[in-house]
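Trainee: Just dropping this structure here.
The values are calculated or read from the model by the stated rules, or taken from the named source; none is laboratory data. All values reported here derive from a predicted model rather than from experimental measurement. Here the Cβ is made from the backbone with ideal geometry for all residues, glycine too, and neighbour counts use every protein chain on show.
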Amino acid sequence: MATTHVQLEEFYLRGLHLDWQDSPSGKSSRVMGTSFNYQVARAREDPKRFRLELEVRIAPEEKRAAGYVGEAKITGFFSFPEGMSEPQMQYLARVNGCTILYGMLRGLIATCSGCFQGGRLNLPTVLFSEIVADIEKKRASLFKKSSVQRKGKKPKQVTH
């Protein structure tokens, strides 16, 4: 029976920007809105190795409320054991990869924000199985729309 695990080989913080935003009303929000995106690529020389870049954006959920505003990017390199199926690797590279990298970002952001006037920011725990499904659904919809638009256009005529 093949093992079903992903191995984090290496990771790098690609960017971290965190600001405390004051509110004209003095109202503060401890509830942060988060949004996510990711890019995944496979190593040409080894089909069992993947690179995943996770992007996280944060802002107060309430408009015009004081709170943290920022974004972070982290890249991880993952490998899989021999015998793992393609669908398993694709799923685990995305879902488990994002979960692992997000956990690291949560710790880094909590540490950095502890020195801010708003105190330590603990990002919410999230289910990346749902987030990845939403992102993939949106990407498929955008791909479908762009394919339909390309099919509907007439080719440009070139004159010499």
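Trainee: Return the residue satisfying two criteria in turn: it lies in the range 93-114 and is among the aliphatic types (A, V, I, L, M) and out of contact with any Phe, Trp or Tyr (no Cβ under 7 Å at 6 or more places or on another chain), and of such residues it is farthest from GLU71 (Cα to Cα).
Mentor: Looking at the filtered set, the residue picked out is ILE100.
Trainee: Quick one: in the range 82-119, which of the residues that are over 14 Å from the mean Cα position of the chain (by Cα) and polar (S, T, N, Q) is surrounded by the most Cβ atoms within 10 Å (Cβ to Cβ)?
Mentor: Residue satisfying both the conditions and the ranking: SER113.
Trainee: Restricting the range 120-133 to residues that are within 20 Å of ALA59 (Cα to Cα) and surrounded by 11 or more Cβ atoms within 10 Å (Cβ to Cβ), which is farthest from the chain's Cα centre (by Cα)? Even if it seems obvious, please write down each step before you answer.
Mentor: To start, the set of residues in the range 120-133 that are within 20 Å of ALA59 (Cα to Cα) comprises 120-128, 131.
Now narrow it down to the ones that are surrounded by 11 or more Cβ atoms within 10 Å (Cβ to Cβ): 120-123, 126, 128, 131.
Numbers: ARG120: 22, LEU121: 18, ASN122: 17, LEU123: 14, VAL126: 12, PHE128: 9, ILE131: 9 Å.
Among those that are within 20 Å of ALA59 (Cα to Cα) and surrounded by 11 or more Cβ atoms within 10 Å (Cβ to Cβ), it is ARG120.
Trainee: Sticking with this one: So how many residues does the range 15-55 have that are under 22 Å from ILE74 (Cβ atoms) and among the small types (Gly, Ala, Ser)?
Mentor: Counting residues in the range 15-55 that are under 22 Å from ILE74 (Cβ atoms) and among the small types (Gly, Ala, Ser) gives 5.
Trainee: Being at pLDDT 95 or above, under 24 Å from SER129 (Cβ atoms) and either outside any loop (DSSP other than H, G, I, E, B) or of a type in the set (Gly, Ala, Ser) (or both), is that true of even one residue in the range 16-26?
Mentor: No, every residue in the range 16-26 fails to be at pLDDT 95 or above, under 24 Å from SER129 (Cβ atoms) and either outside any loop (DSSP other than H, G, I, E, B) or of a type in the set (Gly, Ala, Ser) (or both).
Trainee: On to the next question. Specify the residue that is surrounded by the most Cβ atoms within 10 Å (Cβ to Cβ); the eligible residues are those in the range 20-57 that are of a type in the set (Val, Ile, Thr) and touching a helix residue (DSSP H, G or I) at 6+ places or on another chain (Cβ under 8 Å).
Mentor: My answer is VAL56.
Trainee: Return the pair list, or none, for Cβ contacts closer than 6 Å from residues in the range 38-53 that are touching a residue at least 60 places away in the same chain (Cβ under 8 Å) to residues that are assigned to a loop (DSSP other than H, G, I, E, B) and among the aromatic types (Phe, Trp, Tyr), at least 6 apart or on different chains.
Mentor: none
Trainee: Need the failing condition index for SER28 against (1) in contact with a strand residue (DSSP E or B) (Cβ under 7 Å, 6 or more places away or on another chain); (2) free of Cβ contacts under 8 Å to residues at least 60 places away in the same chain; (3) over 21 Å from LYS138 (Cβ atoms), just the number.
Mentor: SER28 satisfies all of (1) in contact with a strand residue (DSSP E or B) (Cβ under 7 Å, 6 or more places away or on another chain); (2) free of Cβ contacts under 8 Å to residues at least 60 places away in the same chain; (3) over 21 Å from LYS138 (Cβ atoms) except (2).
Trainee: Need pairs with beta-carbon distance below 6 Å; first residue in contact (Cβ under 8 Å) with a residue 24 or more places away in the chain and within the range 96-124, second in a loop (DSSP other than H, G, I, E, B) and surrounded by fewer than 19 Cβ atoms within 10 Å (Cβ to Cβ); sequence gap 6+ or separate chains.
Mentor: Qualifying pairs under 6 Å: SER113/ARG120.
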